[in-house]
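*Asks:* Attaching a single structure in structure tokens format; questions to follow.
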Amino acid sequence: MKINGTPYRSVWVDPADGWSVCIFDQTKLPWAVDILRLGNLAETAHAIRSMQVRGAPLIGAVAAYGLCLALRADASTEAMERDAAMLNATRPTAVNLRWALERMLTRLRGTAPGERVAAAYAEAAAICDEDAAQNAAIGRHGLALIQQAIARKPGSRVNVLTHCNAGWLATVDWGTALAPIYMAHDAGIDLHVWVDETRPRNQGAALTAWELGSHGVAHTVIADNAGGHLMQHGKVDLVIVGTDRVTSGGDVANKIGTYLKALAARDNDVPFYVALPSTTIDWTVADGVADIPIEERAAEEVTSITGRAADGAIVTVRIAADGSPGANPAFDVTPARLVTGLITERGTCPASAAGLASLFPEQG
Ligand code: MRU
């Protein structure tokens, strides 16, 4: 995707030295577009933990490069296994992290230590290229669903609601939930996006709104609690969200608040779609509510809020009463029965074991 006409991905190797890893510092957006250069394992782990990079597919891609950086320091098998385990522990819910590191280790265990660094960079680059291609395919399949929504109300603007940020900043390129939106916009479809602010970290207000605005897509930021009201009044034609982990039975973990949107969508007969590359499917888990680990983040993210003051300073202010504690489960699980369909790189399927098996028969 482009920023001011220049094409970027969300992670890339610095062409100046051929090994350091560049990302956008997403804790600075939308107020500043800062490119951060990661030079070692510790900086990469910090970037993931502190959410300088976030979004399930991007976390996996950056972790893959983090292992490349670690191997530059020590390419022994013992260090490689230890460093991969350390990266894998940085965030618990997005399964892409585990998937990417397992893929790297599978490739590298059979490679001599002296050849591991080059092999690792090649594998990480392949992960990135594949993610970009999968998301473009998701965009094409999701575009068909937007076109179906138009067919239901010809001549009118299509309104899509999305939660959190599942755009190109959350992936290597294109995004998942936003890929169909970009493709619809580029195809000249009259479309408007309701952007959930997505408390507590406001990935919707800060990141999705910035992405959509930069691409010229009409959008409106709404309070997280507004979606049900808008659906009741016919102002949402479909919901498209991303996900951090989908079970083999089609349950969907995504940013906290997604479940409530799915409930409201069901009550109002609004289609609720989840867009994901297959790297987000955890084939080892069937029951999402019981078995997907939900990240608990710092209470301060709830009891305070960060924004730009009138003088341009970025400030964090407390919004809860002094002394009141906060709780911060960062994800929730939407049961498969509330999901209209899963949009994958291979097409759209029902959110069920049979639906997923129809698209991914090799998973048995
Ligand atoms: O905590 P975050 O910002 O990493 O959470 C991100 C989300 O929940 C996204 O919706 C999800 O990772 C899908 S990204 C294509």
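*Asks:* Using amide H atoms built in the peptide plane, which far-off residues or other-chain residues are under 5 Å from F331 H to H?
*Replies:* I256, E295
*Asks:* Same structure again: Of all beta bridges DSSP finds with both residues in the chain, what is the antiparallel percent, to the nearest 5?
*Replies:* 55
*Asks:* Turning to a different aspect of this structure: Pop out the ³J(HN,Hα) list for the range 159-170 in order, Karplus 6.51 cos²θ - 1.76 cosθ + 1.60 with θ = phi - 60°, rounded to Hz; leave Gly and Pro as x.
*Replies:* Values per residue, Gly and Pro as x: 10, 10, 10, 9, 10, 6, 10, 10, x, 5, 5, 8 Hz.
*Asks:* What whole-number value in Å² describes the accessible area per residue of the range 2-130 for a 1.4 Å probe?
*Replies:* 41
*Asks:* Working with all protein chains in place, sort E102, E296, E211, E43 by solvent-accessible area computed with a 1.4 Å probe, largest first.
*Replies:* The ranking, largest first, comes out as E296, E102, E43, E211.
*Asks:* I292: net charge of surrounding residues, Cβ under 9 Å, Lys/Arg +1, Asp/Glu -1, itself excluded? Display every interim value, and only then the final one.
*Replies:* Numbers: positive: R245; negative: D244, D251, D282, D287, D291.
Here the count lands on -4.
*Asks:* Per-residue accessible area for M86 at 1.4 Å probe radius, Å² rounded to 10?
*Replies:* Rounded to the nearest 10, that gives 70 Å².
*Asks:* Say the dipole of the chain comes from +1 at the beta carbon of Lys and Arg and -1 at that of Asp and Glu; which of L87, A122, P277 then lies farthest toward its positive end?
*Replies:* It is P277, whose Cα lies furthest towards the positive end.
*Asks:* Can you tally the net charge around D131? Count Lys and Arg as +1, Asp and Glu as -1, for every other residue whose Cβ sits under 14 Å from the Cβ of D131.
*Replies:* Combined, the nearby Lys, Arg, Asp and Glu give -3.
*Asks:* Give me the log10 of I(q) over I(0) for the chain at q = 0.06, 0.15 Å⁻¹, as the Debye formula computes it from C-alpha points; what are the numbers?
*Replies:* These q points yield log10 I(q)/I(0) values of -0.21, -1.34.
*Asks:* What accessible area per residue comes out for the range 141-363, rounded to a whole number of Å², with a 1.4 Å probe?
*Replies:* So the range 141-363 comes to 39 Å² accessible per residue, rounded to a whole number.
*Asks:* Take the residue pairs K28/K235; K2/K28; K153/K235 and return only those whose Cα atoms are more than 22 Å apart.
*Replies:* K28/K235
*Asks:* Whenever you get a sec, line up D244, D287 from highest to lowest accessible area (probe 1.4 Å, protein heavy atoms).
*Replies:* Solvent-accessible surface, decreasing: D287, D244.
*Asks:* Charges at C-beta only: +1 for Lys and Arg, -1 for Asp and Glu. How large is the resulting dipole of the chain about its Cα centre, in Debye rounded to 20?
*Replies:* Numbers: 30 positive and 39 negative charges, 115 e Å.
Computed charge dipole of the chain: roughly 560 debye.
*Asks:* In the chain, with Lys and Arg counted as +1 and Asp and Glu as -1 at Cβ, which of these residues, C164, L212, V21, has the Cα nearest the positive end of the dipole, that is, farthest along it?
*Replies:* Checked the options; the winner is L212.
*Asks:* Quickly work out the Q232-to-A327 label distance, labels modelled 7 Å from Cα along the C-beta direction, and quote it in nm with one decimal.
*Replies:* Roughly 2.6 nm, to one decimal.
*Asks:* How much of the accessible area of the chain, probe 1.4 Å, is carbon plus sulfur, in whole percent?
*Replies:* Values: 7570 of 14360 Å².
Exposed carbon and sulfur together represent 53 percent of the surface.
*Asks:* So, counting K/R as plus one and D/E as minus one, what does the shell of residues with Cβ under 11 Å around R199 add up to?
*Replies:* -2
The values are calculated or read from the model by the stated rules, or taken from the named source; none is laboratory data. The model shown is predicted, which means the values in this text are computed figures rather than measured ones. So basically every Cβ, Gly included, is an ideal-geometry build from the backbone, and we count neighbours across all protein chains shown. Remember, those area values only see protein heavy atoms, side chains included, never the ligands or the DNA or RNA. Shrake-Rupley method; radii C 1.70, N 1.55, O 1.52, S 1.80 Å.
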